[in-house]
1. Out of curiosity, is Lys345 modelled with pLDDT of 80 or more and part of a loop (DSSP other than H, G, I, E, B)?
2. How many residues are in contact (Cβ under 8 Å) with a residue 60 or more places away in the chain, open to solvent by 10 Å² or more (accessible area, probe 1.4 Å) and farther than 21 Å from Asp470 by Cβ when one looks only at the range 389-413?
3. Among the residues of the range 217-236, are any open to solvent by less than 30 Å² (accessible area, probe 1.4 Å), over 15 Å from Asn115 (Cα atoms) and either modelled with pLDDT under 90 or small (Gly, Ala, Ser) (or both)?
4. Report yes if Ser674 is under 21 Å from Pro564 (Cβ atoms) and either in contact with a Pro (Cβ under 8 Å, 6 or more places away or on another chain) or in a helix (DSSP H, G or I) (or both), otherwise no.
5. Only one of Ala125, Ala179 is in contact with a Leu (Cβ under 8 Å, 6 or more places away or on another chain) and of a type outside the set (Lys, Arg). Can you tell me which?
6. Looking only at residues in the range 664-676 that are within 35 Å of the chain's Cα centre (by Cα) and open to solvent by 80 Å² or more (accessible area, probe 1.4 Å), which one is modelled with the highest pLDDT?
7. Take the range 82-108 and flag every residue that is out of contact with any Leu (no Cβ under 8 Å at 6 or more places or on another chain) and either not assigned by the TED database to the domain that holds Ala192 or not in a loop (DSSP other than H, G, I, E, B) (or both).
8. Determine which single condition Lys235 fails, assuming it passes every other condition in (1) within 25 Å of Gln77 (Cα to Cα); (2) not in a loop (DSSP other than H, G, I, E, B).
Amino acid sequence: KMTQQMRDLQLAQARKPPGPSSPNAAKRLYRNLSGKFRVNYTSFDEGSLVGRGEKEKLRKSYLFQSNAALFEAVELQDLDRVQELLKHYSAEELDLNTPNSEGLLPLDIAIMTNNAPIARALLQAGAKESPHFVSLESRSLHLSTLVREAEQRVNELMAQVVNEAPNADCSEKEKQLKAWEWRFRLYKRMKAGFEHARVPDAPSSVHLSVASSSSLQVTFWEPLSVNSAVVTKYKVEWSCSPTFSPPLGEAVINKLKDLHFTIQGLVSGTAYHVRVSAYNMKGWGPPQASVPPFAIPSNWREYDGRAPRRRGQAEALDHLLGQVKTVHQHCICHEPCKNQPQSRKHSVSKSLKHLFHPGSKFLKTLKRGLYLTAIFYKDDNILVTHEDQIPVVEIDDTYSCLLMQDFLWLTKVSCMWDEILWLRQCVTVSQSSCSCILQTRFKMLLAISQMQGLLGIQDLGQVFFEPIKDKQGNILIVTLKEVKTNQTFESVRWVPICKLQTSRKSVSSPEEPTALDTLLISVQDKLAYHQRSSHALSPGLYLGYLKLCSAVDQIRVLVPEQLPNILCHVKIRSNPNISREEWEWLQKMASVEEPVPTEPEADRSQNPLFQELQVAIKELMTLVNIPLQEAKDFRLYSQEVLDFGDQVSFLLLLPPSDDVCTAPGQNNPYTPRSGFLTLPLQIFELGEEK
């Protein structure tokens, strides 16, 4: 018998024994798993009286019970229990793809009882069908054998119960009889599910898009029909011929969490046809052709042969900086630099002890001047001195107003904290000119060096985009850095931010707070800004809105508070690539000076990019609070696509030329709703680079 052969195979391979044989047994196992494994097992430690060998044996016992509980939960069609097990244990711990003594896997039971929710949950966890079912005939024969053997066992037990006198053995026989009757009904239901199943319909939709000059992206959706068995895999085929003769390649998709596939290694400029078919336990269904029916791998740069904007720029800048250093290294003032190590390698825990040294030169109060403060934070804690003060050093006690150009210069310096010593020496050479600007910047470099020396840390983090000013004439420049290490520092005091805010005794009035008080009040907002400014966009093509406003000494750019390192934007689609054909269409629009498309036209209704842009423009106009009719005068920037790596790209939406930048005193009738910032353009550029 086929079932007996599978059982022999299981024994030969030392597979696990069968699971519980009744619903009550399944419930007992599940309660045991929930109440013991997740609590008692995780509480074991190395000092426990139980030895390692005993603990490992106990762990295997619990994992076996979790596997048996999974089988029973699937058989009982208990979706909640299945999801709970998959959440707490990995596929390896559950032996998700190891057959039981009947040669079945959890996924086999789910699909043959046509329980689609459980089957999908198992598939997303990495479950597979049994490899023993090599054909429809073998599966049918195996199910028939299981049903026949279960029926035979039920008849045998029934005869024993009827013929035997009531006793303890008889009571046990009755329990076995109930268990086998339940299993007999399960096998009949599985057999009926298999016999009534049919091959799946074609996928309901297959979308084809150009991913690059050598790849295509295929996105598909499961069949709409609910009458066939659960789909367990898909097949993607591609060919240069619409008849797929000859086929060029195929790929089988077993991981069904995301139904998409990227075909790599294609020839640019060649048309490829794609189709997708679904598979269930009855076999492969009919294929579904893609929409559009074919696609040509390409990239917008092929339109005019343009090279990437940033190609080689970083290397060129490094080379230029090296040349500048070479020119200056022979100056007399740089001689001491030769004995200086290029990078200080203090251990953080050791060097931060300076914070609590009685001789540290951190300030406790401000006295009308320009100051630098460094905020280091970890989770909800902030680093403070031995006097529970945020580290502050003085830049200049005679500086009553901070010129924006000096502040922006300091933000650029923050990109090269490791070069402060070299920059100080360069500025020292130039001080002979007695320039007030150079003297101020030299004092900034001195303050940075002092902060680095006291903290023992070179990298002070990111400069906050706006200095803090008070009515007493103090100006506070803030740097922010997150400490991500899990190391516990013995000599460092991490104070909860809320405790620091409540314990500080303010020396100013609420109407006129000092710069330090303002810093403590707003520190959580600044930390939130710092964290958001390092977030990255998910892969895709975006539509960005460029809006500037000018002042006397700076130009500012409108950005969202939630992502201040990126322009106001909405997502057009998940595919970041603009194909050559799409770029040609955009160029035609620009050449005839058409307005931005907001209403569909018959000849454009089949253009996917046109439809995507329509939706994106409407969403973006709502986001920035501009009436949709005003968008008719807006323009798409057609000089290039802004590429940020290989995964994110932007198309820019520009207001009319007279409204791109709002001049001082000019009234803007359409003010964005809350949730936006205006950053100095140079600060925005630095954040974008990072």
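The values are calculated or read from the model by the stated rules, or taken from the named source; none is laboratory data. Keep in mind it's a predicted model, so treat the numbers as computed, not measured. Every residue, glycine as well, gets a Cβ built from its backbone with ideal geometry; the counts of neighbours run over all protein chains shown. Side chains included, ligands, DNA and RNA excluded: accessible areas come from the protein's heavy atoms. Shrake-Rupley method; radii C 1.70, N 1.55, O 1.52, S 1.80 Å.
1. So Lys345 fails the test.
2. Keep residues of the range 389-413 that are in contact (Cβ under 8 Å) with a residue 60 or more places away in the chain, which gives 390-393, 395, 399-405, 407-408, 410-412.
Then keep just the ones that are open to solvent by 10 Å² or more (accessible area, probe 1.4 Å); that gives 390, 395, 399-405, 412.
From what's left, farther than 21 Å from Asp470 by Cβ: 405, 412.
Number of matching residues: 2.
3. No; the residues of the range 217-236 include none that is open to solvent by less than 30 Å² (accessible area, probe 1.4 Å), over 15 Å from Asn115 (Cα atoms) and either modelled with pLDDT under 90 or small (Gly, Ala, Ser) (or both).
4. On the way: under 21 Å from Pro564 (Cβ atoms): yes; either in contact with a Pro (Cβ under 8 Å, 6 or more places away or on another chain) or in a helix (DSSP H, G or I) (or both): no.
No; evaluated as a whole, the condition is false for this residue.
5. None of the others qualify; the one that does is Ala125.
6. In this case the residue turns out to be Ser674.
7. Gln83, Glu84, Lys87, His88, Asp108
8. Evaluating Lys235 over (1) within 25 Å of Gln77 (Cα to Cα); (2) not in a loop (DSSP other than H, G, I, E, B) leaves (1) as the failure.
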